[in-house]
Amino acid sequence: MSAVFSILGRGRAGRALAEAWGARVALLPHSARPEGPVLLAVPDRAVTELATAFPGRCAHLSGSLHLADVPCAHPLTSFDGKAAEWTGTPLAVTGDLPEVFRRAFEALGFLPFVLPEDLKPLYHAAAVLASGHAATLWLGADALLRAHGVRLPGRGLAPLAEATLRNVERHGAAGRTGPFARGDQATIMRDAAALPESWREVFQKLGTLLD
C-alpha cells in the first residue's frame, strides 16, 4: 500500500502520528521533498521555510504560528514519540485543512474545531499553562521534597495530579481542593513560609489567581 501523504519531521509528534497511521503515511526527514500532501511536524522556526517547498499541498502542526495560505492542525496533547489513545482530544484547525488530513486525524479520535488565526497565540499560551507549566510545578514539587530527603513511595505525586485533573474535569472550579480553595489562611501562611522565596511567590500568586 502506497502512502496517502507524507510527514516531514521525526520528532516526538511525527513519530507518534506516523506509528498510529502506519502504512498510510511516509515519515521523512526535513530534507525530503516528497510528492503529494505533506504534513509538517517540525519546530516553529522551520515551518515557514519548509512550507514554501510545498505550495498549496501542506499543513503544519504549530499551535502558535500562523502562516497565510498554509493551514494548521494542532493536536491538543503531549506526544512522547509513540502512538497513544487520543479519542476525544481537541484538534485546533486554522485555515482550509485538506480533507486527507482531517479524515486522518478524525480516524485517530481527534475532534477538530475552528480556531481563528488571531487567537492562536492565546490558545497556545493556555496550552503551555496547562501542560508545560503544570509539568514544571509537578517536577518542582518533587524536587523540593527530594532536596529535604523526602522520597515518596509508589507513584509519588502522580496519583494526586491525576485525581486533581479528574475532579476539575468533572466539577470545574468546584473540583479545586486545598487551603486556597478553603480560604485556610493559617495553613497557607505556614506552607508558604516553608518554601524558598522563588517558590513562595509562585505558590501565593497561583493560589489567588482565580479569586
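Just so it is clear, none of the values below were taken in a lab; they were calculated from the coordinates. Predicted model, so just to flag it, every value in this text is computed and none were measured. FYI the Cβ positions are ideal-geometry reconstructions off the backbone, even for glycines, and counts take in every protein chain you see.
Kirkwood Rh, the chain, all Cα pairs: how many Å?
When all Cα pairs of the chain are included, the Kirkwood radius is 19.7 Å.
Report, in deg cm²/dmol and to the nearest 500, the calculated mean residue ellipticity at 222 nm for the chain, where each DSSP H run with n ≥ 4 adds -39500 (n - 2.57) and the sum is divided by the residue count.
The per-residue figure over the chain is -13000 deg cm²/dmol.
Using unit Cβ charges (K, R positive; D, E negative) and no other charged atoms, how large, in debye to the nearest 20, is the dipole of the chain about its Cα centre?
580
Just to confirm the filter: which trypsin sites (Lys or Arg not before Pro) across segment 1-38 are DSSP coil and have at most 16 other Cβ within 10 angstrom of their Cβ?
Those that pass, being in a loop and sparsely packed, are Arg10.
What is the sum of charges around Ala41, taking Lys and Arg as +1, Asp and Glu as -1, for the other residues whose C-beta is under 10 Å from the C-beta of Ala41?
So the environment of Ala41 carries a net charge of +3.
In degrees between 0 and 90, to the nearest 10, how far off the longest principal axis of the chain does helix 120-130 point, with axes built from Cα atoms?
40
Can you give the charge dipole size of segment 5-117 about its Cα centre, rounded to the nearest 20 debye, using +1 on the beta carbon of Lys and Arg and -1 on the beta carbon of Asp and Glu?
My answer is approximately 320 debye.
Could you tell me which of Ala130, Ile188, Thr94 has its Cα farthest along the dipole of the chain towards the positive end, charges placed at Cβ (Lys, Arg +1; Asp, Glu -1), taken about the Cα centre?
Positive-most Cα among the choices belongs to Ile188.
Could you compute the net charge surrounding His66? Neighbours are other residues with a C-beta less than 14 Å from the C-beta of His66; K and R count +1, D and E count -1.
Net local charge, His66 excluded: -4.
Just to be sure I follow: if Rg is taken over the C-alpha atoms of segment 33-142 and Rh is the Kirkwood radius over the same atoms, what is Rg/Rh?
Here the Rg-to-Rh quotient is 0.99.
Output the 0 to 90 degree angle, nearest 10, between the alpha-carbon long axis of helix 12-21 and the longest principal axis computed from the alpha carbons of the chain.
Approximately 60 degrees, to the nearest 10.
Note the angle between two axes, namely the Cα long axis of helix 158-171 and the longest principal axis of the Cα atoms of the chain, as a number of degrees from 0 to 90, rounded to the nearest 10.
The angle comes out near 80 degrees.
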